[in-house]
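Here the structure comes first, spelled out in structure tokens, and everything after it is commentary.
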Amino acid sequence: MPKARPTRPAPVQRPQAPEPVAALGKLEPAGDIRVLAAPIIGIGGSPRLKELLVEEGQRVSAGSVLARFDNGPSQRAEHTLLMVRISNLERRLALDSREIERYRRLTAAGAYAVDELDRREQTHLLLQGQLQEARAQLVRVDSDLVNTELKSPINGTVLRIHSRVGERPGDKGILEIGDSDRMEAMVEVYESDINRVRVGARASLSSENGGFSGNLSGVVSRISPQVRQRDVLSTDPTGDADARVVEVRVRLDPSDAQKVEALTGLKVIARFQP
């Protein structure tokens with residue numbers, strides 16, 4: 001009777017490691033982004049831009065002057081005129097107060113009629129009213145004087161300038177400023193790949209066009225619940241501009257964020273670890 005041949009064990013199939021998800025995105029500040037507009041003067045109008053003191057990519061501090069408008073000289077002139085008027089009225093009131101006190105004593109002694117004292121007191125009240133009105137006008141002018149300059153509300157970086165010297169700013173405002181002390185990447189992941197990306201996953205970012213050397217590291221901080229059309233387009237002309245994507249936010253590690261704090265808008269390629 002022939003011996004049975006020993007059966008070989010079936011080879012063990014090792015599961016293949018899932019490939020990282022790759023997607024295109026761009027760098028953005030993770031903090032505030034402010035769109036700064038021109039003040040409204042007159043009947044819904046805006047002054048023209050007289051001076052622009054910053055450039056795109058420039059770091060600025062809160063309170064620093066970014067631009068000046070052409071209504072500055074007229075507002076400063078009105079402020080000076082009001083200060084002179086207030087000073088004159090205060091001196092007149094001081095002199096008139098002493099005169100009224102003298103007339104009161106003389107009227108009590110019978111040297112003047114009561115009607116003359118009443119006339120002088122009415123004049124004194126009129127001067128007081130004029131002084132109060134001038135001081136109220138000064139408050140308004142001081143408020144308008146603040147609007148002759150554009151100051152930065154935050155520490156940050158000038159991201160984009162929409163208006164130039166001589167222009168009257170439109171709906172887009174004058175410029176955009178962002179808090180770039182914390183940077184993140186806005187990455188557009190194809191809807192077919194989003195099920196392989198999770199919050200907390202590590203990501204590696206490289207520049208599509210050599211804007212920085214090496215790779216940046218970060219972690220997925222948020223995944224949008226909405227599917228939308230692609231916004232960040234690749235340099236590849238055959239890229240699918242109509243692709244459906246999900247926005248994923250990647251918070252950069254602090255050490256890497258400092259390297260690219262002046263590169264807002266730079267395109268990156270993100271690779272998410274499965």
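The values are calculated or read from the model by the stated rules, or taken from the named source; none is laboratory data. The model shown is predicted, which means the values in this text are computed figures rather than measured ones. Here the Cβ positions follow ideal geometry from the backbone for every residue, glycine too, while neighbour counts run over all protein chains shown.
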Point to revise | Cβ pairs under 6 Å, 6+ apart, first in region 73-86 and closer than 16 Å to Glu149 by Cβ, second of a type in the set (Ser, Thr, Tyr) and not in a helix (DSSP H, G or I) | key: Gln75/Thr148
Exercise for review: Return yes when Arg59 is assigned by TED's automatic domain parsing to the domain that holds Val165 and touching a Phe, Trp or Tyr at 6+ places or on another chain (Cβ under 7 Å) and no when it is not.
Suggested key: no
Revision key, fill the gap. All conditions in (1) exposed (fewer than 11 other Cβ atoms within 10 Å of the Cβ); (2) modelled with pLDDT under 90; (3) of a type outside the set (Lys, Arg) are true of Glu55 except (2)
**Study point:** From the options Val141, Val146, residue that is crowded, with 16+ Cβ neighbours inside 10 Å and closer than 30 Å to Leu53 by Cα
**Key:** Val141
Check your understanding: Just checking, which of Ile194, Ile174 is surrounded by 14 or more Cβ atoms within 10 Å (Cβ to Cβ), closer than 30 Å to Ser255 by Cα and either of a type in the set (A, V, I, L, M) or not assigned by TED's automatic domain parsing to the domain that holds Glu247 (or both)?
Key -> Ile194
Check your understanding: Going by the structure shown, is Glu28 in a strand (DSSP E or B) and within 22 Å of the chain's Cα centre (by Cα)?
Key -> yes
Point to revise | Identity of the residue in region 127-170, assigned to a helix (DSSP H, G or I) and within 22 Å of the chain's Cα centre (by Cα), that ends up nearest to Val60 (Cα to Cα) | key: Val146
Study note, to complete from the structure: Within region 34-52, of all residues that are modelled with pLDDT under 85 and not in a loop (DSSP other than H, G, I, E, B), the one surrounded by the fewest Cβ atoms within 10 Å (Cβ to Cβ) is Gly45
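Identify all residues within region 159-180 that are acidic (Asp, Glu) and touching a Ser or Thr at 6+ places or on another chain (Cβ under 6 Å); write none if there are none.
Within region 159-180, none qualify.
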Exercise for review: Kindly establish whether Glu184 is touching a residue at least 24 places away in the same chain (Cβ under 8 Å), assigned to a strand (DSSP E or B), over 30 Å from Ser61 (Cα atoms) and touching a strand residue (DSSP E or B) at 6+ places or on another chain (Cβ under 9 Å).
Suggested key: no
